[in-house]
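Visitor: This is the structure, below, for whatever I ask next.
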Amino acid sequence: MPVLVMKFGGTSVATLDRIKRAAKRVALEVAKGYNVIVIVSAMSGKTNELVGWVNETSPLYDAREYDAVVSSGENVTAGLMALTLQEMDVPARSWQGWQVPVKTTSAHSSARIEEIPTDNIMAKFGEGMKVAVVAGFQGISPEGRITTLGRGGSDTTAVAFAAAFDAERCDIYTDVDGVYTTDPRIAEKARKLDKISFEEMLELASLGAKVLQTRSVELAMRYKVKLRVLSSFEEPSDTAGTLVCDEEEIMESNVVSGIAYSRDEAKMTLQSVADRPGIAAAIFGPLSNAGVNVDMIIQNIAEEGRTDMTFSCPTDQVMRAEKALNDAKDAGELNFADLIADTNVAKISAVGIGMRSQSGVAAKMFQTLSDEGINIKVIATSEIKISVLVDRKYMELAVQSLHDAFELEKA
Ligand code: ADP
Ligand code: ASP
Ligand code: MG
């Protein structure tokens, strides 16, 4: 029998009523003849609450215990979903990550899935079970400890199961009815896309559009998983939502297909470092060793042999970055006058495959921001994206004005 993967995000399982509503959708697919693997998130807000409890108890927590705590939200919804299905006479049982087992690396709080053996669940399907409800976001390390896959990780659980079970499709049910040209909560003119290429979705996700976890898109692209994003609040239909697919399957294509933003970026400036060979290595070596993910970098013009170096990194890594650089300074490996962290910035990015063949996108983006009086602090580009760092207070305005400038409301 064909397998279908259905993932329900936090808002789709936020209450017992919503779990019932989601279960009804699952029952519809079972009636069509599918064996269904349901991946559930924690009830919305739950994971944030658990993370808060960990931070309050132990600011420099043991990541293994962090995972033990924050993975628990999904255990609750998996059990409740299985019970709800049983009440509807659909044969179902729940599985926690370790029971499957979802084998991951031991990188606690951001583990990667290495293998999902299918035999346990397939054996149950063979015995007449129709639905395997699996707790998303979690797995088990080679050391036998519970791991989690990073925030938003249930999307990745879903795609990994779809790949492992060779599912016909992986449906991601969320609180919006598809992938939009930008976050519809920020720009009311945002337009829903019927299709988006893996590459564009990958860029949008990694640049902040949290509708899909980046890793889930990577996996879907690699294993050719048919991935669909849709709302659990709309009436079921075969054409609902957005299909994430190969570039070749998309006919219409704007130069820019979407705008993403991220609040979680900080700008760090090292003032007055020596302008000499090896200085970048002396700065970014210690940062890399400390596990800081540096994104954008600019080195300013040198005056009298001294220069400023600016880079961006995730806001929650600022303390780690400061420590790494100050330690290097204390050890005499690096010299700078001051280290300034600016956490009041946001990263705004324009993404589009069309940028490969068309020039002028950067110029238009800079002009648009300039017309709005928005100062650009850092710029980074790649083949299909342009990102800028701006003051956070201009984030919404920047997203909306770029959406207008690139006429993304039009197909
Ligand atoms: P879930 O709990 O279902 O996993 P998330 O909150 O993780 O849901 O992701 C859905 C949210 O992603 C939407 O509510 C929306 O605000 C946000 N989002 C950001 N960018 C986009 C986009 N381009 N298209 C659709 N949603 C987006
Ligand atoms: N519950 C986890 C989170 O909030 C995983 C997920 O929902 O995808 O990050
Ligand atoms: Mg999510």
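Visitor: Tell me yes or no: at least one residue of the range 78-98 is within 16 Å of ligand 3 (Cβ to nearest atom), among the hydroxyl-bearing types (Ser, Thr, Tyr) and in a strand (DSSP E or B).
Guide: The answer is no, given that none of the residues of the range 78-98 is within 16 Å of ligand 3 (Cβ to nearest atom), among the hydroxyl-bearing types (Ser, Thr, Tyr) and in a strand (DSSP E or B).
Visitor: Still on this structure, please answer the following. Go through the range 1-24 and give me each residue that's surrounded by fewer than 20 Cβ atoms within 10 Å (Cβ to Cβ), in contact (Cβ under 8 Å) with a residue 12 or more places away in the chain and over 23 Å from Met122 (Cβ atoms).
Guide: Our first condition is that a residue be surrounded by fewer than 20 Cβ atoms within 10 Å (Cβ to Cβ); within the range 1-24, this holds for 1-2, 11, 14-18, 20-21, 24.
Right, trim to in contact (Cβ under 8 Å) with a residue 12 or more places away in the chain and you get 1-2, 11, 14-16, 18, 20-21, 24.
Answer for the range 1-24, where residues must be surrounded by fewer than 20 Cβ atoms within 10 Å (Cβ to Cβ), in contact (Cβ under 8 Å) with a residue 12 or more places away in the chain and over 23 Å from Met122 (Cβ atoms): Thr11, Ala14, Thr15, Leu16, Arg18, Lys20, Arg21, Lys24.
Visitor: OK, next. Taking into account only those residues within the range 328-356 that are over 29 Å from the mean Cα position of the chain (by Cα) and in a helix (DSSP H, G or I), which is surrounded by the fewest Cβ atoms within 10 Å (Cβ to Cβ)? Walk me through how you get there before you give the answer.
Guide: Here is the first cut: in the range 328-356, the residues over 29 Å from the mean Cα position of the chain (by Cα) are 328-339.
The next check asks that each one be in a helix (DSSP H, G or I); those that pass are 328-330.
On the way: Ala328: 20, Lys329: 15, Asp330: 9.
Once the filter is applied, the top-ranked residue is Asp330.
Visitor: Go through the range 370-399 and report how many residues are in contact (Cβ under 8 Å) with a residue 12 or more places away in the chain, in a helix (DSSP H, G or I) and either out of contact with any Ser or Thr (no Cβ under 8 Å at 6 or more places or on another chain) or more than 20 Å from Ala266 (Cβ to Cβ) (or both).
Guide: Of the residues in the range 370-399, 8 are in contact (Cβ under 8 Å) with a residue 12 or more places away in the chain, in a helix (DSSP H, G or I) and either out of contact with any Ser or Thr (no Cβ under 8 Å at 6 or more places or on another chain) or more than 20 Å from Ala266 (Cβ to Cβ) (or both).
Visitor: Looking at Ser359, is it out of contact with any strand residue (DSSP E or B) (no Cβ under 7 Å at 6 or more places or on another chain), within 20 Å of Ser253 (Cα to Cα) and either without any contact (Cβ under 8 Å) to a residue 12 or more places away in the chain or loosely packed, with under 14 Cβ neighbours inside 10 Å (or both)?
Guide: yes
Visitor: Run down Asp119, Asp89 and say which single residue is surrounded by fewer than 24 Cβ atoms within 10 Å (Cβ to Cβ), under 27 Å from Glu218 (Cβ atoms) and either within 16 Å of ligand 1 (Cβ to nearest atom) or charged (D, E, K, R) (or both).
Guide: Asp119
Visitor: Out of everything in the range 25-52 that is surrounded by fewer than 20 Cβ atoms within 10 Å (Cβ to Cβ) and not in a helix (DSSP H, G or I), what residue ends up being farthest from ligand 1 (Cβ to nearest atom)?
Guide: That would be Gly33.
Visitor: State whether one or more residues within the range 139-162 are within 11 Å of ligand 2 (Cβ to nearest atom) and over 30 Å from Ser382 (Cβ atoms). Let's see the steps before the verdict.
Guide: The initial filter retains those residues of the range 139-162 that are within 11 Å of ligand 2 (Cβ to nearest atom), namely 148-158.
Now restrict to residues that are over 30 Å from Ser382 (Cβ atoms): none.
Looking through the range 139-162, none of the residues is within 11 Å of ligand 2 (Cβ to nearest atom) and over 30 Å from Ser382 (Cβ atoms).
Visitor: For residues in the range 134-159 being among the hydrophobic types (A, V, I, L, M, F, W, C) and over 16 Å from Gly9 (Cα atoms), which is surrounded by the fewest Cβ atoms within 10 Å (Cβ to Cβ)?
Guide: Ile140
Visitor: Also: Do we have Val256 as at pLDDT below 95, more than 12 Å from ligand 1 (Cβ to nearest atom) and buried (at least 23 other Cβ atoms within 10 Å of the Cβ) here?
Guide: Yes; evaluated as a whole, the condition is true for this residue.
Visitor: How about the range 202-212: which of its residues are surrounded by 24 or more Cβ atoms within 10 Å (Cβ to Cβ) and either of a type in the set (S, T, N, Q) or away from ligand 2 (no atom under 13 Å from the Cβ) (or both)?
Guide: Selection gives Glu203, Leu204.
Visitor: Among the residues of the range 129-178, which ones are within 16 Å of ligand 1 (Cβ to nearest atom), in contact with a helix residue (DSSP H, G or I) (Cβ under 8 Å, 6 or more places away or on another chain) and of a type in the set (D, E, K, R)?
Guide: Arg151, Asp155, Asp175
One line per residue, one yes/no per condition, for (1) at pLDDT 90 or above; (2) out of contact with any Leu (no Cβ under 7 Å at 6 or more places or on another chain); (3) outside any loop (DSSP other than H, G, I, E, B):
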| residue | (1), (2), (3) |
| --- | --- |
| Leu204 | yes, yes, yes |
| Gly208 | yes, yes, no |
| Ser216 | yes, yes, yes |
| Leu219 | yes, yes, yes |
| Arg228 | yes, no, yes |
| Pro236 | no, no, no |
| Thr239 | no, yes, no |
| Glu252 | no, yes, no |
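Visitor: In addition: Mind checking whether some residue in the range 307-327 is part of a loop (DSSP other than H, G, I, E, B) and either β-branched (Val, Ile, Thr) or surrounded by fewer than 16 Cβ atoms within 10 Å (Cβ to Cβ) (or both)?
Guide: No, the range 307-327 contains no residue that is part of a loop (DSSP other than H, G, I, E, B) and either β-branched (Val, Ile, Thr) or surrounded by fewer than 16 Cβ atoms within 10 Å (Cβ to Cβ) (or both).
Visitor: So, of the residues in the range 145-202 that are aliphatic (A, V, I, L, M), assigned to a loop (DSSP other than H, G, I, E, B) and over 15 Å from the mean Cα position of the chain (by Cα), which turns out to be nearest to ligand 3 (Cβ to nearest atom)?
Guide: Looking at the filtered set, the residue picked out is Val176.
Visitor: What's the total number of residues in the range 1-24 that are within 16 Å of ligand 1 (Cβ to nearest atom) and either charged (D, E, K, R) or not in a helix (DSSP H, G or I) (or both)?
Guide: Of the residues in the range 1-24, 9 are within 16 Å of ligand 1 (Cβ to nearest atom) and either charged (D, E, K, R) or not in a helix (DSSP H, G or I) (or both).
Visitor: Please verify whether the range 101-117 includes one or more residues that are at pLDDT 95 or above, within 16 Å of ligand 2 (Cβ to nearest atom), more than 19 Å from Leu4 (Cα to Cα) and polar (S, T, N, Q).
Guide: yes
Visitor: Here is a follow-up. Which number in (1) without any contact (Cβ under 8 Å) to a residue 40 or more places away in the chain; (2) within 16 Å of ligand 2 (Cβ to nearest atom); (3) more than 24 Å from the chain's Cα centre (by Cα) marks the one condition that Leu80 misses?
Guide: Every listed condition holds for Leu80 apart from (1).
Visitor: Here's a follow-up. Among the numbered criteria (1) within 30 Å of Gly278 (Cα to Cα); (2) under 22 Å from the mean Cα position of the chain (by Cα), which one does Val399 miss?
Guide: In the conditions (1) within 30 Å of Gly278 (Cα to Cα); (2) under 22 Å from the mean Cα position of the chain (by Cα), Val399 misses (1) alone.
Visitor: Residue check, Lys124 against (1) crowded, with 24+ Cβ neighbours inside 10 Å; (2) over 21 Å from Ile19 (Cα atoms); (3) modelled with pLDDT of 95 or more, all met but one. Which one?
Guide: (1)
The values are calculated or read from the model by the stated rules, or taken from the named source; none is laboratory data. Note that this is a predicted model, so its numbers are computed, not measured. Heads up, the Cβs are rebuilt from the backbone with ideal geometry, glycines too, and the neighbour counts pull from every protein chain shown.
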